[in-house]
Each structure stands twice: as structure tokens, then as C-alpha cells.
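What follows is a single structure, written as C-alpha cells, with notes after it.
The values are calculated or read from the model by the stated rules, or taken from the named source; none is laboratory data. Keep in mind that what you see is a predicted model, and the values were worked out from it rather than measured. Neighbour counts are summed over all protein chains in view; Cβ atoms, including those assigned to glycine, are modelled from backbone coordinates with ideal geometry.
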């Protein structure tokens, strides 16, 4: 009887507690996409918030590929929170108007 109890406990350990045998949950794919800055050729202002009343914190060159996704500190219908390399090669994040993102 003691042998059966030991086998049951060992089996439970192997099935439920062992990290090498337990099923691994896959992480969800990141909700992140890219867009291309599309202007008349000029640089695009990057702002600290979603509107022209917010300060300009940097600029993206026309044609720059930027990232955007589920992260959006201040949701807006017309502005998107983006991140990428500015005209000086520095990583920045802020808001750009949707009219200039394709």
C-alpha cells in the first residue's frame, strides 16, 4: 500500500508540478504594428499629447517607419501614440496625427 501511495504522489508531481512536463502557455503576439510617416516631404511633428495644443517633443522624417499598438496613454480618434527614431536617430515616443500615418 505504501508503494502505491508513493507512486501516486510521484505521478502527481510529474504531471502537475514539474515545469519541464507541465504544458507551456504561449505568450500572445504583441499588439504592435507599423506605419509610414507620409507628408509632403517635410518632417512630421511628434507631440507630447493628442493635439496641437501639446508641445512638440521631436520630429519624424517623411518615410520613417514608426510603431504603434495597444499602448495609448491618452486615447484619441484623430491622433496615434507612436514610437520610433526621430530625425536625429534618437528613440522617441509621442503622438502624430492620423492624416500623416499610412
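Inspect the stretch 8-29 for any residue being surrounded by fewer than 13 Cβ atoms within 10 Å (Cβ to Cβ), modelled with pLDDT of 55 or more and more than 16 Å from the chain's Cα centre (by Cα) and give the result as yes or no. Looking for residues that are surrounded by fewer than 13 Cβ atoms within 10 Å (Cβ to Cβ), modelled with pLDDT of 55 or more and more than 16 Å from the chain's Cα centre (by Cα), one finds none in the stretch 8-29, hence no. Please enumerate the residues belonging to the stretch 46-56 that are farther than 26 Å from residue 30 by Cα and not in a loop (DSSP other than H, G, I, E, B). Once the filter is applied, which keeps residues that are farther than 26 Å from residue 30 by Cα and not in a loop (DSSP other than H, G, I, E, B), the stretch 46-56 yields only 56.
Does residue 91 count as in contact with a strand residue (DSSP E or B) (Cβ under 7 Å, 6 or more places away or on another chain) and surrounded by 13 or more Cβ atoms within 10 Å (Cβ to Cβ)?
On the way: in contact with a strand residue (DSSP E or B) (Cβ under 7 Å, 6 or more places away or on another chain): yes; surrounded by 13 or more Cβ atoms within 10 Å (Cβ to Cβ): no.
Spelling it out, it is not the case that residue 91 is in contact with a strand residue (DSSP E or B) (Cβ under 7 Å, 6 or more places away or on another chain) and surrounded by 13 or more Cβ atoms within 10 Å (Cβ to Cβ).
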